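The values are calculated or read from the model by the stated rules, or taken from the named source; none is laboratory data. Computed from a predicted structure; not experimentally measured. Note that we place each Cβ from the backbone using ideal geometry, even for glycine, and neighbour counts take in every protein chain shown. In case anyone asks, the SASA skips ligands and DNA or RNA and just uses the protein heavy atoms, side chains included. Shrake-Rupley method; radii C 1.70, N 1.55, O 1.52, S 1.80 Å.
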There are 6 protein chains.
Amino acid sequence: MPAVQITLLEGRTTEQKRKMAKRITDVLVEDGGANPAAVVVTFVEVPRDSYASGGVLICDKQQNPPK
Amino acid sequence: MPAVQITLLEGRTTEQKRKMAKRITDVLVEDGGANPAAVVVTFVEVPRDSYASGGVLICDKQQNPPK
Amino acid sequence: MPAVQITLLEGRTTEQKRKMAKRITDVLVEDGGANPAAVVVTFVEVPRDSYASGGVLICDKQQNPPK
Amino acid sequence: MPAVQITLLEGRTTEQKRKMAKRITDVLVEDGGANPAAVVVTFVEVPRDSYASGGVLICDKQQNPPK
Amino acid sequence: MPAVQITLLEGRTTEQKRKMAKRITDVLVEDGGANPAAVVVTFVEVPRDSYASGGVLICDKQQNPPK
Amino acid sequence: MPAVQITLLEGRTTEQKRKMAKRITDVLVEDGGANPAAVVVTFVEVPRDSYASGGVLICDKQQNPPK
């Protein structure tokens with residue numbers, strides 16, 4: 001334990017996921033008292049029309065992306 | 001808050017997901033007292049052989065679909 | 001299908017959850033083409049120190065709540 | 001009820017998922033008292049760089065796979 | 001891998017959860033090719049007013065339970 | 001985005017959750033390119049008989065804890 005599910009937009013590289021998995025595991029060990037071998041991290045990657053905040057899909061927010 | 005995960009069969013259009021995300025956010029605000037800006041909705045889309053009810057995969061139920 | 005998990009702060013009444021479950025099911029049927037009998041909605045309720053946005057727990061944001 | 005989400009590496013066949021969905025449903029009925037018709041099982045399949053244990057991605061563990 | 005989340009009504013005993021965890025792990029090993037040591041199973045238990053199917057909370061379905 | 005669910009044994013303090021939420025958000029921003037304001041982290045805390053690895057509940061593993 002613990003089991004961590006990260007739901008995020010697709011497009012992250014393997015290197016980004018490698019770093020995030022390692023660092024998040026470290027956080028759970030250092031601040032949560034977890035056994036490092038037992039930490040599971042999964043990334044569930046979804047397209048931009050499958051994630052909404054404030055009732056608006058991400059794909060719709062990006063039509064005029066801020067600089 | 002809240003965070004909503006909807007696991008469903010793939011095949012919905014962006015327009016369908018746009019409407020569902022908007023309306024579900026409205027429900028959480030109107031009936032759940034949520035702050036609209038804080039509502040997150042994600043769609044996790046799976047193929048027909050990755051969803052089962054009653055112990056039977058959806059792809060197996062559709063071999064003789066009812067009219 | 002679909003299966004919906006709503007992670008939210010504890011404190012909603014049964015009546016609020018009753019309305020949300022009904023209306024969200026209706027949305028999935030009307031806009032997502034779901035079979036109403038097959039829609040599952042679960043509420044996972046967590047305390048104010050188990051939900052964070054922007055890296056800050058909800059319990060810490062409420063110390064000076066806006067009017 | 002219950003609703004079961006299985007997050008696993010992609011690559012399982014339909015036949016494997018068919019067997020797992022059926023047997024897991026049976027377990028929930030026999031040992032958990034579930035109504036079989038109400039059991040939902042979903043498989044969320046992720047690539048080898050989206051699953052980590054012990055802080056290490058599965059894709060990195062397989063570079064020198066044990067015989 | 002895999003990671004399994006079972007969302008179910010509260011009220012199962014430790015013995016029931018013990019059996020389910022063991023048997024579901026066996027299924028994933030036998031039919032899914034999982035490494036047994038790597039299988040994680042979690043039970044997320046919710047009250048009867050936090051689980052709905054067909055848009056109706058379980059607590060409302062049980063008012064006139066069938067014999 | 002992203003939305004993070006951490007399923008873990010109950011017993012963490014608010015201070016532990018505060019630190020984990022902050023640091024995990026930082027990781028997602030620094031290594032995942034996330035917008036910090038949009039990161040949601042939830043902790044789903046379960047008792048020792050609701051979490052199993054290797055088919056064995058945590059409560060059963062702790063009967064003779066290693067020094």
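Quick one: which of B:LYS61/D:LYS22; E:LYS17/F:LYS61; E:LYS19/F:LYS61; A:LYS17/B:LYS17 span more than 18 angstrom between C-alpha atoms?
Pairs exceeding the cut-off: A:LYS17/B:LYS17.
What's the minimum Cβ distance from chain A to the axis relating it to B, in whole Å, and which residue gives it?
For the rotation taking chain A to chain B, the closest Cβ gives A:VAL44, 3.
Measure off, as a whole percent, the carbon and sulfur share of the 1.4 Å-probe accessible area of chain A, all protein chains present. Spell out each step's value before the answer.
On the way: 1420 of 2840 Å².
On chain A, the fraction of accessible area on carbon and sulfur atoms equals 50 percent.
Stokes-Einstein diffusion coefficient for chain D at 20 °C in a medium of 1.002 mPa s, Rh from the Kirkwood formula over Cα pairs: what value in µm²/s? Present the calculation step by step, with values, prior to reporting the outcome.
On the way: Rh = 13.7 Å.
Estimated diffusion coefficient is 156 µm²/s.
Only Lys, Arg, Asp and Glu count, each charged at its Cβ (+1, +1, -1, -1), so figure out the dipole size of the stretch C:3-61 about its Cα centre, rounded to 20 debye.
Values: 8 positive and 8 negative charges, 32 e Å.
Its charge dipole is roughly 160 debye.
What does the copy distance list look like for F:THR13, label position 7 Å along Cα→Cβ, in nm and ordered from shortest?
So the label point of F:THR13 gives 3.7, 3.7, 4.0, 5.4, 5.5 nm to the other copies.
Probe of 1.4 angstrom, ligands and nucleic acids ignored: what's the accessible area per residue over chain E, in square angstrom? Numbers along the way, then the final one.
Numbers: 2840 Å² over 67 residues.
Dividing the accessible area of chain E by its residue count gives 42 Å².
Take the alpha-carbon centre of the stretch C:1-46, take the same for chain D, and report the distance between them in whole Å.
24 Å
Suppose R0 equals 30 Å. What FRET efficiency, 1/(1 + (r/R0)^6) with r the Cβ-Cβ distance, do A:ASP60 and C:ASP26 give to the nearest 0.05? It would help to have the intermediate numbers written out before the result.
Numbers: r = 23 Å, r/R0 = 0.76.
Efficiency, from the Cβ-Cβ distance: 0.85.
Add -39500 (n - 2.57) for each DSSP H run of 4 or more in chain D, then divide by its residues: what number comes out at 222 nm, to the nearest 500 deg cm²/dmol?
Values: 2 runs with 23 residues, N = 67.
One gets -10500 deg cm²/dmol as the mean residue ellipticity at 222 nm.
Summing Lys, Arg as +1 and Asp, Glu as -1, what charge do residues with Cβ under 14 Å from the Cβ of F:ARG23 carry, F:ARG23 excluded? Please report the intermediate quantities before stating the final value.
Values: positive: A:LYS19, A:LYS22, A:ARG23, F:ARG12, F:LYS17, F:ARG18, F:LYS19, F:LYS22; negative: A:ASP26, A:GLU30, A:ASP31, F:GLU15, F:ASP26, F:GLU30, F:ASP31.
Its environment carries a net charge of +1.
Compute the acute angle (0 to 90°) between the alpha-carbon long axis of helix C:14-32 and the principal axis of greatest extent of the alpha-carbon atoms of chain C; round to the nearest 10°.
Taking the Cα atoms of chain C, the angle to C:14-32 is about 50 degrees.
Taking only C-alpha pairs under 8 Å that are 6+ residues apart, what is the relative contact order of the stretch B:3-61 in percent?
Working: 55 pairs, mean separation 25.9, N = 59.
Over the stretch B:3-61, the number comes to 44 percent.
Rounded, prolate or oblate for the protein assembly as shown? Axes are the square roots of the Cα gyration tensor eigenvalues, ordered a ≥ b ≥ c, and the cut-off for rounded is a/c under 1.5.
It is rounded, given that a/c, with a ≥ b ≥ c, falls under 1.5.
May I ask for the accessible area buried between chains E and D, both sides summed, probe 1.4 Å, to the nearest 100 Å²? Could you put the intermediate results ahead of the total?
Details: alone 5040 and 5050 Å², together 7970 Å².
Its buried surface, counting both partners, is about 2100 Å².
Any idea what the dipole of the protein assembly as shown comes to, in debye rounded to 20, about its Cα centre with Lys/Arg Cβ at +1 and Asp/Glu Cβ at -1? Mind dumping the intermediate values first?
Working: 54 positive and 48 negative charges, 1 e Å.
That gives the protein assembly as shown a dipole magnitude of about 0 debye.
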